Amino acid sequence: MRQIHFSKSVSFLSYYQYINKTKHMKIKFTLIIVLLSLSQFLKAQQDPMFTHYMFNTLAINPAYAGSRDALTVSFLHRTQWVGFDGAPTTQTLTMHSPLFIKNAGIGLSVINDKIGPTNNTSFYADFSYRIRITQRSQLAFGLKGGLNVMRNKLSDLQLEDQQDQAFEKNIQSDLLPNFGFGLYYFTDKYYIGVSIPKLLENNFKENSVSGSTNLGGEEKHYFLIAGYLYKINEDFKLKPTTFLKVTSAAPMEVDLSAQILYKDRIWLGAMYRTGDACGVLLGAYITPRLAVGYSYDWSFVNRTFKYNGGSHEIMLQYDFFFKEAQKIRSPRYF
């Protein structure tokens, strides 16, 4: 299940508060079910979750920029808790490439995260610089900087009384700056990275275009990623990965995944997210440049699995090579 901070879940909490204050108003039944099922799990994790985090590394760690020695474009779409009205949906678009400056890389990340009428959009630029530790290993330092904006479209809610003034006005924050950093150590066979993508804990209430309406705030997240490539034989490789997430006032969450790669073309894997869900991943390199992936998560906590069709993700990734010789190294495993 998606863990949501009280301030981030303003859409669900607003519904509940207004139900108590306005007895004549009726919110859609499915939305109330969502609120009840979330009531025991409203915690401090705000950032979107991804099952394909191993293909979405730039959104997590800016030091990853340029590490694939190609212009890499990745798109991910996640639909969570299918069947719930107002359930989370997330889209990310990332692009990164090495610079002409030796050992430097740049990147761009755009993330759109929607929960009910609440929409959070982020735009970030990334810069990295790599130093060679040994002949086979490198350590990259990364910086991330950009803007966030949160919108709450209360006018989109379906009410019994569409003239209710409490829901007539949409809410939007200012464009708020933020920045972060990361470290990424990697070889051809494994990697490990740590990052804090957002160092500032912006208060959307204090920076709301609409004045005093509470849009909540942001929390710092501490991330650790790691992965390893193990060659079983000439046809099969095993690629275990992990993604550890830590933030205040919430339990530590760990994603564990393992994929079997067949002839560097097709992969099949399984995932487990502590206290949340398990699922499967599958995908293929359609060409040495183009990778396509799909995953399905099944929430096993609480009783929400009775009321939704799970969570789905699709992933597309394309490499634009700068040199013909780079194709020999394709596909990249990390």
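Just rank Ile106, Ile131, fewest to most, by other beta-carbon atoms within 10 angstrom.
Arranged by neighbour count, lowest to highest, Ile106, Ile131 become Ile131, Ile106.
Take the cross-link list Lys102/Lys189; Lys198/Lys239; Lys144/Lys189; Lys144/Lys231; Lys102/Lys144 and give me the ones stretching past 31 Å between alpha-carbons. Please list the in-between numbers first.
Numbers: Lys102/Lys189 23 Å; Lys198/Lys239 29 Å; Lys144/Lys189 26 Å; Lys144/Lys231 34 Å; Lys102/Lys144 19 Å.
Checking Cα-Cα distances, Lys144/Lys231 exceed 31 Å.
Tell me, what ³J(HN,Hα) does each residue in region 100-115 have, in order and in whole Hz, if you take phi through Karplus 6.51 cos²θ - 1.76 cosθ + 1.60 with θ = phi - 60° and put x for Gly and Pro?
So the J values, rounded to whole Hz, are 5, 5, 4, 6, 10, x, 10, x, 9, 10, 10, 10, 10, 10, 10, 10.
In the neighborhood of Tyr262, defined by Cβ-to-Cβ distances under 9 Å, what is the net charge if each Lys or Arg adds +1 and each Asp or Glu adds -1?
Counting the neighbours of Tyr262, the net charge comes to +1.
Based only on other Cβ atoms within 10 Å, what is the fewest-to-most ordering of Phe141, Phe84, Phe100? It would help to have the intermediate numbers written out before the result.
On the way: Phe141 15, Phe84 19, Phe100 5.
Exposure proxy ranking, most exposed first: Phe100, Phe141, Phe84.
Going by how many other Cβ atoms sit within 10 Å of their own, how do Arg151, Arg136 line up, fewest first?
The most exposed by this proxy come first: Arg136, Arg151.
Quick note: the coordinates plus some simple rules give every number you see, no bench work behind them. Just so it is clear, the structure is predicted and the values come from calculations on it, not from any experiment. A quick note on method: Cβ atoms are made from the backbone with ideal geometry, for glycine too, and the neighbour counts reach across all protein chains shown.
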